[in-house]
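Each reported figure results from applying straightforward, stated rules to the coordinates on display, with no laboratory input. Small disclaimer: the values here were computed from a predicted structure and weren't measured. Using ideal geometry, Cβ is built from the backbone for each residue, glycine included, and neighbour counts are taken over all protein chains shown.
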Amino acid sequence: MPMFYLKVIAADRTFFSGFAESVTFQSHDGRQQILSHHENMVIALDEGMMDITPAEHAGNGSEANGDGHEVGLAGRGFAEVINNRVTIIVESCEKPEEIDVRRAEEAKERAEEKMRQKTSIQEYYHSRASLARAMARLAAARKNK
């Protein structure tokens, strides 16, 4: 199958680096999938699940899950597609098994409490973003079980 070079960089590590057949992620316009020879573009990513299909026998140096896919919960960021190379830079990207469920539940409760309080618009949107992140982390962790 045709493939492209993919690099997923989070603030604290390189999540994936190697050849892939596809990568699917959440953007402002909904779920987006990039395949080999995609048109050149830059696209903003929203927080959500990222699904990578590594190219078979390409020596990626990464471990795919049982069905051959790498899955991670990606934070906000952007993807750049140029000449069959995809670079994704995100705030964070973690595998579902790496998520601390207790910590995510505590963050969800804190965000819900801040949203209930009378705060400024800026604080409200910050709390709403924190709540969305905590809920996404919980959903990813539960889906992995």
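Each eigenvalue of the Cα gyration tensor of the chain, multiplied by 5 and square-rooted, gives one semi-axis; in descending order these are 30, 18, 11 Å. For the chain, leaving out every one of the GluC sites (Glu not before Pro) that falls in a DSSP loop and has at most 12 other Cβ atoms within 10 Å, the longest unbroken run is 64-145. Taken as Cα centroids, segment 81-107 and segment 1-30 sit 11 Å apart, rounded to the nearest whole angstrom.
Working note: Cα gyration tensor of segment 99-144, eigenvalues times five, square-rooted, sorted largest first, giving semi-axes of 22, 9, 6 Å. Could you calculate the FRET efficiency of residue 69 with residue 19 from 1/(1 + (r/R0)^6), where r is the beta carbon distance between them and R0 is 22 Å, rounded to 0.05? The formula returns an efficiency of 0.95 here.
Simple spin-label estimate for residue 112 and residue 43 gives 3.3 nm between the two label positions (7 Å along the Cα-to-Cβ direction from each Cα). Relative contact order, whole percent, for the chain stands at 22, derived from Cα pairs under 8 Å and 6 or more residues apart. Computed about the Cα centre, the dipole magnitude for the chain is approximately 520 debye when only Lys and Arg (+1) and Asp and Glu (-1) carry charge, each at its Cβ.
Can you give the angle from 0 to 90° between the axis of helix 101-116 and the longest principal axis of the chain, with both taken from C-alpha atoms, to the nearest 10? Computed tilt is about 50 degrees.
Angle of helix 121-144 to the longest C-alpha principal axis of the chain, folded into 0 to 90 degrees and rounded to 10: 60°. Extending 7 Å from the Cα toward the beta-carbon at both residue 122 and residue 29 defines two label points whose distance is 3.2 nm.
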